[in-house]
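Reviewing the structure listed below.
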Amino acid sequence: MTQVHRVVVLGGGFGGVEVARRLLRAARGGGSAELEVHLVNRENYLVFQPMLPEVVSGGVGLADTISPLRRLLPGVKLYVREVQAVDLDRRTVTCAPGFEPKPLVLPFDHLVVALGNVTDFRGMTGLAEHALPFKTLGDALALRNHAIHALEEAAASPPGELRSQLLAFVVAGGGFSGVEAIAELHDFVRRALRSYPGIARDECRFVLLHARERILPEMDESLALYAQSLLQRRGVELLLGARLQAATRDHAILADGTRIPTRTLVATVPSHPNPVVESLPLAKQGGRILVDATLRAQGHDRVWALGDCALVPMPTRPGAEPSFAPPTAQHAIREGRLLADNLLAVLSGKPPRAFAFTGLGTMASLGHRKGVARVLGLRLSGFAAWWAWRTVYLMKLPGIDRKIRVGFAWALDLFFPPDLVQLRVGRSSGVDHEHFEPGQIVFEQGDVGDRLYIIVKGTADVVRARDGEGEELLATLGKGQYFGELALLQRTTRSATVRCREAMDVISVEKGDFLALLENLPEMLGDVEERLASYRQQPDPPA
């Protein structure tokens, strides 16, 4: 009886999909090895990452950047689950439960790790609470919705601090993602202003932060400097040598203490290894799995890795410093093809080949029909580079239907303004985490009561303004204490101001959820009623 080899692929990005597709093709072709291909991914679609910035500007439709995995990989057993754990000794993958509270356990003969990286703001104060990541399709949609919301609020706000914050758009990270994000965001806002006659163009501020001395470090210096000059001529401020360190709801805080007032902070850095990759007992460097030139994990004959989560050695001249494949789509696709071929070779008793792809070039779109590119050694800039960028990526889109849709979307985008539709795909209320810096106001006396705040770390002062007499300190609150419930229960405005005293992290609960908690937690309701009664006995109760 012929042995069936079960290959489990973790991750549905460019690399993982290419591995599964090539293995499936070999299985259908009647190769010497019987294969069963399984793929685990948290979504049931492949995202065409290079076009995510155009989702923000509306250059392409939301669905035009994705391709259903079941259509791309007919015959592959797909599991739309989160990967929870991998046991290399028992050769099993444990996936998160679905509707039923039972995990899914998949045995494997060969494991392919293509999980990529994840956005992780650990160690960066306030970013998890207040910065917008830019890595997934959901992130791109959230940024577009947020930008439209900021414009709507700015149009309804009088000139002042809040309006300036709403019209300031800050992107941290000067690599491909950050440069393309700020370029598309700039184009989108500028074109959208036609629908907001009350907002002047010079009220809008666009800032790109980058820790190095020039943006696009992956490209030739001349092209990077062209991109810098072009963005600056359009009005984008470039803060080079500037590292983002922290964030609050209305400021981006740099390592040198500079504070940039903004309500829109996009962080394209940092990327960290997927937690599953971190947990694997494999040799790693910088969080990435060390593989040999054939893409096998060092010390494990049945484990393979590729893409962003692997450190893939590149061919180098004798005596030269070792180099590794960059985390780009073109390299991931070639790695996927070679990995599949090598896995099949090993199963057939043939020697595997070494990875030898050095890259075709790099490209970046700068918005407004401009770009930079180096393709097969040829340097392009301006309109020619932008045209090359669109042509190459249009050809690489999987599926003729996607190519037609995107082609039409791009053609229409040349003549019509963007649609200012804010898609609310999530809950409009709930529990949030927020960070406040010393001196920052949580809410002011007279504000409408909308949320309850629970202090996780730090302290806050409760103060009340006296007519012509400054302000009076009513209380200082610390860890474990909460505030803001009085206005929620009495349905009144805030009777005092709460100001951060020491750097503070809080959990904020929306009014509706807070009231629902009170209805279902009698002990908490009793405690709150006691506090409310004590407040009423005071001549000047706090907020």
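What to note about this one:
- On the basis of the beta-carbon distance and an R0 of 41 Å, Glu221 and Arg122 show a calculated FRET efficiency of 0.80.
- Degrees, to the nearest 10: 329-347 long Cα axis against longest axis of the chain: 50 degrees
- Signed unit charges on C-beta, dipole axis of region 171-240, positive-most listed residue Leu240, Tyr196, Pro217: Tyr196
- Hydrodynamic radius of the chain per Kirkwood, over alpha carbon pairs, in Å: 26.2 Å
- If a spin label sat at a point 7 angstrom from the Cα of Asp447 along the line to its beta carbon, the backbone N atoms of region 238-280 nearer than 18 Å would be those of 247-252, 261-264.
- For the chain, the longest principal axis of the alpha carbon atoms and the long axis of helix 221-233 meet at an angle near 30°.
- The fraction of Cα-Cα pairs per 10 angstrom bin, counted from 0 for region 433-496, comes to 20, 53, 25, 1 percent, rounded to whole percents.
- Model label sites at Asp109 and Thr493, defined 7 Å from Cα along the beta-carbon direction, differ in position by 7.3 nm.
- Calculated FRET efficiency for the pair Val375/Gln84, C-beta based, R₀ 41 Å, to 0.05: 0.50
- Stretch gain in nm, segment Glu161-Gln285, where the contour uses 0.36 nm per residue and the Cα spacing is subtracted: 40.1 nm
- All other residues whose Cβ lies under 12 angstrom from that of Glu153 are scored, Lys and Arg at +1 and Asp and Glu at -1, for a net of +1.
- Residues whose amide H lies under 5 Å from that of Phe443, counting only those 5 or more places away or on a different chain, are Val498; hydrogens are built 1.01 Å from N in the peptide plane.
- A 1.4 Å probe, protein heavy atoms only, puts the accessible area of Ser164 near 70 Å².
- Probe 1.4 Å, all protein chains present, accessible-area order of Ile333, Ile148, largest first: Ile333, Ile148
- Whole-number percent relative contact order across region 68-215, with pairs defined as alpha carbons under 8 Å at least 6 apart: 14 percent
- Listed values for region 472-488 are Karplus-derived 3J(HN,Hα) couplings in whole Hz (6.51 cos²θ - 1.76 cosθ + 1.60, θ = phi - 60°), namely 10, 7, 9, 6, 10, 10, x, 3, x, 8, 10, 8, x, 6, 4, 5, 6, and x replaces Gly and Pro.
- Contour minus Cα-Cα distance for Leu394 and Leu62 (0.36 nm per residue): 118.0 nm
- Relative contact order (percent, whole number), region 323-441, Cα cutoff 8 Å, 6+ residue spacing: 11 percent
- Value of Rg to Rh for region 1-116, rounded to two decimals, is 1.03; Kirkwood radius and Rg both from alpha-carbon coordinates.
- Diagonalising the gyration tensor over the Cα atoms of region 168-323 and scaling each eigenvalue by 5 before taking the square root yields semi-axes of 38, 19, 15 Å, largest first.
- For Val105, the residues whose modelled amide H falls within less than 5 Å of its own, excluding neighbours fewer than 5 places apart on the same chain, are Cys95.
- ³J(HN,Hα) computed for each position of region 355-367 - Karplus, 6.51 cos²θ - 1.76 cosθ + 1.60, integer Hz, glycine/proline x: 5, 9, 7, 9, x, 9, x, 9, 9, 8, 8, 10, x
- FRET E, pair Leu240, Arg201, Förster distance 22 Å, beta-carbon r, rounded to 0.05: 0.35
- Dipole of the chain computed with +1 at Lys/Arg Cβ and -1 at Asp/Glu Cβ about the Cα centre; of Gln481, Val269, Gly12, farthest Cα towards the positive end is Gly12.
- Cα long-axis angle, helix 176-192 against the chain (0 to 90 degrees, to the nearest 10): 50 degrees
- For the chain, the solvent-accessible area works out to 47 Å² per residue, with a probe of 1.4 Å and every protein chain left in place.
- Kirkwood hydrodynamic radius of region 368-499, from the reciprocal of the average inverse Cα-Cα distance over all distinct pairs: 20.5 Å.
- Gain upon complete extension [Thr459, Arg25; 0.36 nm per residue less C-alpha separation]: 150.1 nm
- The H on the amide N of Ala475, modeled in the peptide plane, is under 5 Å from the matching H of Val462, each at least 5 residues off or on a different chain.
- Rolling a 1.4 angstrom probe over the chain with all protein chains present gives an accessible area of which 52% lies on carbon and sulfur atoms.
- Packing-based order for 291-297, 343-349, 497-503, 312-318, using average beta carbon neighbours within 10 Å, highest first: 291-297, 497-503, 343-349, 312-318
- Using the Stokes-Einstein relation with a Kirkwood hydrodynamic radius computed over Cα pairs, the translational diffusion coefficient of region 241-329 at 20 °C and a viscosity of 1.002 mPa s comes to 134 µm²/s.
- Report note on the peptides 241-254, 196-209, 44-57: ranked by the mean count of other C-beta atoms within 10 Å, highest first, their order is 44-57, 241-254, 196-209.
The values are calculated or read from the model by the stated rules, or taken from the named source; none is laboratory data. Not measured: the values here are computed from a predicted model. Cβ coordinates were reconstructed from backbone atoms using ideal geometry, including for glycine residues, and neighbour counts include every protein chain displayed. Note: accessible area is taken over every heavy atom of the protein model, side chains too, but ligands, DNA and RNA are not part of it. Shrake-Rupley method; radii C 1.70, N 1.55, O 1.52, S 1.80 Å.
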